[in-house]
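Colleague: Pasting a structure below so you can have a look.
Throughout, read-outs are computed from the coordinates displayed, never taken from laboratory work. Computed from a predicted structure; not experimentally measured. Backbone-built Cβ (ideal geometry, glycine too); neighbour counts: all protein chains shown.
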Amino acid sequence: MIEREGPSSFAVRVARDGAGWRVDLLADDAGDELPVLERALGEPGAGGWPPPLVIVVDSRLYFVALRHGPGGMVRALISDATMLEWVLAAEVVERYGIGVDTEGAFDDDETGWPGGDLDLFSDDGLPAEELRPIVTADDLWADEMVQRIATRLGFADELAAAVGP
């Protein structure tokens, strides 16, 4: 588990490692260099299938996940596409043409609305319909959402070891 005392921002690369997972810390802060994060994915097709992921948690407010898709294009998911005052969020929304997905988002304010490819984790066994309740939960911080995704996909221990408290 990611502890409450742990970092509020981090970037990791997550890849299949045989039957398990490998999680490498890229930065202990979220950084705002989208090209650097895209390069961390590696060459399209070089990491096997499903391809590796880069997951960034920024100040516990939102997370971004990137992964190569067919033909080497980068697929992107942002847990809150309304966070445009944050450099990384604004770059992701602009570069990938992400709109706000209001389906299932809470109605009492205008935060917590995911955008992008909600099927990003489907090749790993977490389809959009199961991801949506995680990324629209108004009681979870971004690091807690990532922890739930990691637990569901089976790399929670590796994530905790990489990020540490």
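Colleague: For residue 49 and residue 27 in one chain, what is 0.36 nm times their gap in residues minus the Cα-Cα distance, to one decimal in nm?
Modeller: On the way: separation 22, 0.36 × 22 = 7.92 nm, distance 2.45 nm.
Working it through step by step, the gained length comes to 5.5 nm.
Colleague: When Lys and Arg each count +1 and Asp and Glu each count -1, what net charge do the other residues less than 11 Å away from residue 120, Cβ to Cβ, add up to? Show your work: numbers first, answer last.
Modeller: On the way: positive: 67, 75; negative: 117, 119, 123, 124.
Charge balance near residue 120 sits at -2.
Colleague: Can you tell which of 90, 118, 51 lies farthest toward the positive end of the dipole of the stretch 10-163, using +1 and -1 charges on the Cβ of basic and acidic side chains (Lys, Arg; Asp, Glu)?
Modeller: Value: 51.
Colleague: Just the Cα atoms of the stretch 10-163: what Rg and Dmax do they give in Å?
Modeller: Looking at the stretch 10-163, its Cα Rg and Dmax stand at 14.1, 44 Å.
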